[in-house]
Amino acid sequence: MSPSTDQENLPAVTRLFRRHHSALTPLLLLSPALLILLFVIALPMAFSLYASFTPYRMTRPDSIETFIGLRNYIRLIGNDDFWAAFLRTLLFLAIALNLELILGLGIALLIDRVTLGQRLLRTIMMFPMMFSPILVGFQFKFIFNDNIGVVNNALQFLGLADQAIPWLVDGTLAMGAILFAEIWMSTSVFAIVLLAGLFAMPRDPLEAAKVDGCTPWQSFRHVTLPFLLPFAYIAMTIRSLDVARAYDIVAIMTDGGPAGRTELLWTLIARVGFDNARMGEANAMAFMASLLSILFTWFLFTRLLAARRTMGGVE
Amino acid sequence: MAAITLEQVVKRFGRDEVIHGIDLRIAHDEFVVLVGPSGCGKSTTLRMIAGLEDLSDGTIRIGDQVVNDLPPRKRNLAMVFQNYALYPHMNVRQNLGFGLTIAGEPKEVVAERVQDTAALLGLSDLLDRLPAELSGGERQRVAMGRALVRRPEAFLFDEPLSNLDAKLRVQMRGEIKRLHTAVRTTIVYVTHDQVEAMTLADRIVVMQDGRIEQIGQPMTLFDHPVNTFVAGFIGTPPMNLIPARIAGDEIAFNDGQQIPLPDRFTALVTEGQSVIFGLRPDHLCPDKKQRETGTSLVEIPLKVHMIEPHGAEMLLHARLAGQPVLGKMYAPRPVAPGDQLTFQLALDKIHLFDAASGRSVTAR
């Protein structure tokens, strides 16, 4: 049998593959991953983007075929509920991230100084992360309950309050209660990352600072803190994505109430999309919400790169 | 600039005592080098002077002030670390000026002193660089500059040259010596390298196992080591140390070879005493060089089994009474392993140590 007849007998795909053997191999090997990405992320995203240009309601499936361009987005600009949720989410992010950073830094610094039982403390510190956010939400819903909650009970028992404080009913207090739950659950993320930073820190510059005349506070401010900054930015990036999509704790504790006072972007989006079945509008909101996350990530990463550059690392 | 005094200083880590009550007086403007093998306590001693380690017992004084309980920042000392310990996020200018800025000096003063110090150390073109952008030698100079700029009571150097390559080390050694002459100041310098100690020090402190073995000027230590440890530690190549016995007017080696006992030792040793015979390789030579110096010589035949050419001279490995000995040939000529050579042994240069205590028989 001559080679040419051999070629002719093979299926067309195999012949094509043989001819472009080297060029196609990488693509072929990558294709399972690419296909999964395509079906799991790219196509749903494209569909969602398309849906944001339609008045799609799940109760009327044919509405998906009506193209209305940017009308959903233009409507959002005048939607006060949306902007209130947007700003509230921004505020929630800012307060949660900063408080978690400060508390996490404090915990990391304290645990770093502990010599006996440090491993045990590190494990205990991570306990809050082991619970589902839904359960944390329930836990704090009961803790802050105005009739049977532990907080009110304790306050009244100690004589610090003479009547029940409506923790989850008053708008501002409810926001505070949700923040408290969020911070309780996730401060250890900061503590762990910053503690890793402290462990990685060379001791020599600290000793040099002592001899150079630094007080403990000055050593911390001028030597330890700059070293920890890249670690803080990494933790902040992770947590900003986490907090920006906050839904579960809020849904359980207040469900956006009272009267929308604790509505965050994703509780609003879920309400519009699923409860009110206005998927088109919800998709438009979701893309705006993603913009916020991208903005935060971009900002924090820029700072991270700058900090790492000055710490002598490579980008 | 001030004197530093250590009195009966003891350091314990938990139950382990690592420094056993050392006494040391470092004079104003003196360059003192603490030298010894690793683990001898030299770095711990320096860190106690700096205030980075607490004393377990004893007293440290800087000038007239007892500083035992004074935190490092109040001792007004400057320290150069082995790993440079530069602040990685600050450029050279900020690294140099940090101590002064912290001390609240006005900006113009800081800028001026930083400029002066940078000029002195040849760092003027590097002021805006970060430590990561500097070579090892440049980082070393910044570390020294950071110490210099503050004009402290004393400088503490903790093995500052051990991370540099051989050539740079010699160069920086010269630089440190030059600096000490230029800015007369008290320096305490820790190293495990006895060459550094010999070349830099006004006085050397030889330490071992948390004790001071001997304090003295470099040549005093070289010529009159008080015990076998100092004899073996100071000088390269190290002194030959061979067990022997006093037999009448002779020093008898274990294999029956004998050399005459010089007169200066007769009153210091007893008949039959076990001793360690010490002689530097410089004074065990198979050529004529020593004869011209007019010292009294004994001839001793030794079989050479290894040769180390060093260019201007040649080290010869041989055995005497079953012990390895080193000899030195000042005018190298072809020698092959296995050759039997007649070595000249300089009697004036012999050291004798008591075998039991290891102490020199001439030491009080």
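The values are calculated or read from the model by the stated rules, or taken from the named source; none is laboratory data. Here the structure is a predicted model, which means the values were calculated and not measured. Cβ sites come from the backbone with ideal geometry, for glycine too, and all protein chains shown count toward neighbours. The area values use the complete protein model at the heavy-atom level, side chains included, leaving out ligands, DNA and RNA. Shrake-Rupley method; radii C 1.70, N 1.55, O 1.52, S 1.80 Å.
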**Report entry** Selection status of A:PHE92, under 23 Å from the mean Cα position of the chain (by Cα), under 30 Å from A:LEU173 (Cβ atoms) and open to solvent by 40 Å² or more (accessible area, probe 1.4 Å)
**Finding:** no
Query raised in the report: List the pairs whose first member sits in the stretch B:159-187 and is in the same structural domain as B:ASP116 (by TED's automatic domain parsing) and buried (at least 16 other Cβ atoms within 10 Å of the Cβ), whose second member is assigned to a loop (DSSP other than H, G, I, E, B) and at pLDDT below 85, and whose Cβ atoms are under 9 Å apart, counting only residues at least 6 apart or on separate chains?
Result: B:MET172/B:LEU164; B:THR185/B:MET1; B:THR186/B:MET1; B:THR186/B:ALA2
Report task. Take A:VAL136 and decide whether it is in contact with an Asp or Glu (Cβ under 9 Å, 6 or more places away or on another chain), farther than 25 Å from A:PHE227 by Cβ and part of a loop (DSSP other than H, G, I, E, B). Result -> no
Query - Flag if B:GLY235 is part of a loop (DSSP other than H, G, I, E, B) and crowded, with 19+ Cβ neighbours inside 10 Å - result: yes
Report task. Could you figure out which of (1) within 30 Å of B:ARG146 (Cα to Cα); (2) open to solvent by less than 10 Å² (accessible area, probe 1.4 Å); (3) among the hydrophobic types (A, V, I, L, M, F, W, C) isn't true of A:LEU229? Result -> (2)
Query raised in the report: Does B:GLY39 fit the bill of being assigned to a strand (DSSP E or B) and either at positive phi or not assigned by TED's automatic domain parsing to the domain that holds B:TYR189 (or both)?
Result: no
Report task. Spot the failing condition for A:ILE111; the list is (1) open to solvent by 70 Å² or more (accessible area, probe 1.4 Å); (2) over 24 Å from A:LEU268 (Cβ atoms); (3) β-branched (Val, Ile, Thr), and only one is missed. Result -> (1)
Query - Number of positions in the stretch A:48-63 that are free of Cβ contacts under 8 Å to residues at least 24 places away in the same chain and surrounded by 12 or more Cβ atoms within 10 Å (Cβ to Cβ) - result: 1
Report task. Answer yes if at least one residue in the stretch A:208-216 is more than 14 Å from chain B (Cβ to nearest Cβ) and either within 25 Å of B:PRO160 (Cβ to Cβ) or buried (at least 19 other Cβ atoms within 10 Å of the Cβ) (or both), and no otherwise. Result -> no
Report summary line: Those residues of the stretch B:2-28 which are touching a strand residue (DSSP E or B) at 6+ places or on another chain (Cβ under 6 Å) and at positive phi amount to B:GLN8, B:GLY21
Report summary line: Checked against (1) open to solvent by 10 Å² or more (accessible area, probe 1.4 Å); (2) more than 28 Å from A:ARG308 (Cβ to Cβ); (3) within 14 Å of another protein chain (Cβ to nearest Cβ), B:LEU156 satisfies every condition except (1)
Requested in this report: Scan the stretch B:79-93 and report the pairs whose first residue is at negative phi and more than 7 Å from chain A (Cβ to nearest Cβ) and whose second residue is assigned to a loop (DSSP other than H, G, I, E, B) and hydroxyl-bearing (Ser, Thr, Tyr), with Cβ atoms within less than 8 Å and a gap of 6+ or a chain change.
Outcome: B:GLN82/B:SER162
Requested in this report: Determine which member of the set B:ALA147, B:ALA132, B:ALA143 is of a type outside the set (Val, Ile, Thr), touching a Pro at 6+ places or on another chain (Cβ under 8 Å), in a helix (DSSP H, G or I) and buried (at least 22 other Cβ atoms within 10 Å of the Cβ).
Outcome: B:ALA143
Query raised in the report: Looking at B:ALA111, is it touching a Phe, Trp or Tyr at 6+ places or on another chain (Cβ under 7 Å), of a type in the set (Gly, Ala, Ser) and part of a helix (DSSP H, G or I)?
Result: no
Report task. For the stretch B:110-119, indicate whether the set of residues that are closer than 23 Å to A:GLN218 by Cβ, more than 9 Å from every other protein chain (Cβ to nearest Cβ), surrounded by fewer than 18 Cβ atoms within 10 Å (Cβ to Cβ) and free of Cβ contacts under 8 Å to residues at least 60 places away in the same chain is non-empty. Result -> yes
Query raised in the report: Could you say whether any residue in the stretch B:6-24 is under 17 Å from B:ILE187 (Cβ atoms) and open to solvent by 20 Å² or more (accessible area, probe 1.4 Å)?
Result: no
Query - Residue identified as touching a Lys or Arg at 6+ places or on another chain (Cβ under 8 Å), free of Cβ contacts under 8 Å to residues at least 40 places away in the same chain and of a type in the set (Gly, Ala, Ser) among B:GLY14, B:GLY51, B:GLY36 - result: B:GLY51
